[in-house]
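J.: One structure coming up, written as structure tokens, with questions to follow.
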């Protein structure tokens, strides 16, 4: 089977994490089929090294940074490319398929934002509407659709009216760097980490609920006088939120105990998790939540929102709060920090829970879907 994987929509974060982990695992289990990964010169992480010779890399120099121009090429140019080179399967891992593809399509819907009831501004709402409509048409074209959690499947099914028998849930896995033990060094580049800290890991944008976290941390400091600092690791996508956070923290006189690290090199993340005292995820929207699995595998107890896919991923390995209730967030964080028995219980359950998430499992399930679609076309 000759498979084209279109990665042109992957721009960072979870999109890259998914591909960086899935492709090597596919390479380990499948030497029979030929994979061609389509990428652009803007995506510096590709090609990956060390993959066998049935994995090929196609660098497309004609793709602009503009999302509109990229989508136009995917809908008009890509079908011709697929036909000319006799591809038998197209895998689109980023929510939108090439609608006029001459070969069978497997689609992954991995972004829940367009389907969420969040008070975005008008521009963002329009963008989500367009994404949703493209996904609707793409779901009609696709032979099979992959979701990364039961919650995301249920949410999207209701809105796009996709036949259930076209859908599959394939959980993400855990990167091998979290399996080799945790290094307790407390320095990342030029940043020296505090002795005690609460950690959160995520890009900073609207649905991650960082303003509530800033208020909860300020309340935690004033109400319980905890020593712990707050460490935030993640790309600052929406600078307005960062500015508002700093304003809240400055007014509460705790800004000097909050560390904005920005995007941290992935190889340093195991140390960052393992050196912390509490991992907190205040998000009101998660499709899967890579940091949750990473935190569980790193032996750091978790306090997280009781929304979307988060309870599905963590199960009983986390304590949950209402993300819209600042006092509840602060109280639950303090409960974990102050209760040693609870901490040890959450850590133990987290280690066990993390074993359920494997990129090898994800690769095997994904390959099985590819082969089922290919056989159905024969």
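The values are calculated or read from the model by the stated rules, or taken from the named source; none is laboratory data. Because the structure is predicted, anything quoted here is derived from the model rather than measured. Cβ sites come from the backbone with ideal geometry, for glycine too, and all protein chains shown count toward neighbours.
Yes or no, residue by residue, for (1) touching a strand residue (DSSP E or B) at 6+ places or on another chain (Cβ under 7 Å); (2) over 29 Å from residue 235 (Cβ atoms):
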position	(1), (2)
2	yes, yes
20	no, no
29	no, yes
38	yes, no
42	no, no
46	yes, no
53	no, yes
58	yes, no
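J.: While we're on this one: State whether the residues of segment 339-346 include one that is surrounded by fewer than 18 Cβ atoms within 10 Å (Cβ to Cβ), in contact (Cβ under 8 Å) with a residue 40 or more places away in the chain and under 27 Å from residue 25 (Cα atoms).
T.: The answer is no; no qualifying residue exists.
J.: For segment 1-46, give me each residue that is part of a loop (DSSP other than H, G, I, E, B) and over 24 Å from residue 111 (Cα atoms).
T.: Initial filter on segment 1-46 (part of a loop (DSSP other than H, G, I, E, B)): 1, 7-13, 30-33, 41-46.
Passing the criteria: 1, 30, 31, 32, 33.
J.: Looking at this structure, is residue 369 closer than 20 Å to residue 28 by Cβ and modelled with pLDDT of 95 or more? Reasoning before the result, please.
T.: Working: closer than 20 Å to residue 28 by Cβ: yes; modelled with pLDDT of 95 or more: yes.
It is true that residue 369 is closer than 20 Å to residue 28 by Cβ and modelled with pLDDT of 95 or more.
J.: Take the residues in segment 88-107 that are over 27 Å from the mean Cα position of the chain (by Cα) and surrounded by fewer than 20 Cβ atoms within 10 Å (Cβ to Cβ); name whichever of them is nearest to residue 75 (Cα to Cα).
T.: Among those residues, the one meeting the criterion is 100.
Matching residues to (1) touching a helix residue (DSSP H, G or I) at 6+ places or on another chain (Cβ under 8 Å); (2) closer than 30 Å to residue 86 by Cα; (3) outside the structural domain of residue 197 (by TED's automatic domain parsing):
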| residue | (1), (2), (3) |
| --- | --- |
| 325 | no, no, no |
| 331 | no, no, no |
| 336 | yes, no, no |
| 339 | no, no, no |
| 342 | yes, no, no |
| 347 | no, no, no |
| 350 | yes, no, no |
| 363 | yes, yes, yes |
| 369 | no, yes, yes |
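J.: Here is a follow-up. Can you pull out the residues in segment 267-283 that are more than 22 Å from residue 338 (Cα to Cα) and touching a helix residue (DSSP H, G or I) at 6+ places or on another chain (Cβ under 7 Å)?
T.: Step one: of segment 267-283, the residues more than 22 Å from residue 338 (Cα to Cα) are 267-271, 283.
267, 269, 270, 283 - these are the residues of segment 267-283 that are more than 22 Å from residue 338 (Cα to Cα) and touching a helix residue (DSSP H, G or I) at 6+ places or on another chain (Cβ under 7 Å).
J.: Name the residue that is modelled with the highest pLDDT, counting only residues in segment 55-77 that are exposed (fewer than 14 other Cβ atoms within 10 Å of the Cβ) and assigned to a loop (DSSP other than H, G, I, E, B).
T.: That would be 61.
J.: If you don't mind, another one. If you take the residues of segment 167-196 that are within 23 Å of the chain's Cα centre (by Cα) and at pLDDT 90 or above, which of them is surrounded by the most Cβ atoms within 10 Å (Cβ to Cβ)?
T.: First, pick out the residues of segment 167-196 that are within 23 Å of the chain's Cα centre (by Cα): 167-182, 188.
Imposing the further condition that a residue be at pLDDT 90 or above reduces the set to 167-174.
Working: 167: 18, 168: 17, 169: 15, 170: 19, 171: 20, 172: 24, 173: 22, 174: 20.
Checking each candidate, the answer is 172.
J.: Within segment 39-49, can one find any residue that is in contact with a helix residue (DSSP H, G or I) (Cβ under 7 Å, 6 or more places away or on another chain), at pLDDT below 85 and surrounded by 17 or more Cβ atoms within 10 Å (Cβ to Cβ)? Break it down stepwise before answering.
T.: Of all residues in segment 39-49, those in contact with a helix residue (DSSP H, G or I) (Cβ under 7 Å, 6 or more places away or on another chain) come to 45, 48.
Remaining after also requiring at pLDDT below 85: 45.
Those still in the list that are surrounded by 17 or more Cβ atoms within 10 Å (Cβ to Cβ) too: none.
Looking for residues that are in contact with a helix residue (DSSP H, G or I) (Cβ under 7 Å, 6 or more places away or on another chain), at pLDDT below 85 and surrounded by 17 or more Cβ atoms within 10 Å (Cβ to Cβ), one finds none in segment 39-49, hence no.
J.: When residue 282 is evaluated against the numbered criteria (1) surrounded by fewer than 23 Cβ atoms within 10 Å (Cβ to Cβ); (2) touching a strand residue (DSSP E or B) at 6+ places or on another chain (Cβ under 7 Å); (3) touching a residue at least 60 places away in the same chain (Cβ under 8 Å); (4) within 24 Å of residue 114 (Cα to Cα), which criterion, by number, is the only one it fails?
T.: (1)
J.: Something else: When segment 203-235 is examined, which residues are found to be in a loop (DSSP other than H, G, I, E, B), on the phi < 0 side of the Ramachandran plot and in contact with a strand residue (DSSP E or B) (Cβ under 9 Å, 6 or more places away or on another chain)?
T.: Across segment 203-235, the qualifying residues are 204, 226, 228, 235.
J.: What number of residues within segment 93-115 are in contact with a helix residue (DSSP H, G or I) (Cβ under 7 Å, 6 or more places away or on another chain) and assigned to a strand (DSSP E or B)?
T.: Summing the residues that are in contact with a helix residue (DSSP H, G or I) (Cβ under 7 Å, 6 or more places away or on another chain) and assigned to a strand (DSSP E or B) in segment 93-115 gives 5.
J.: Select from segment 347-378 the residues that are without any contact (Cβ under 8 Å) to a residue 24 or more places away in the chain and closer than 30 Å to residue 102 by Cα and list them in ascending order.
T.: At the first step, the residues of segment 347-378 found to be without any contact (Cβ under 8 Å) to a residue 24 or more places away in the chain are 348, 355, 368, 375, 378.
Selection gives 368, 375, 378.
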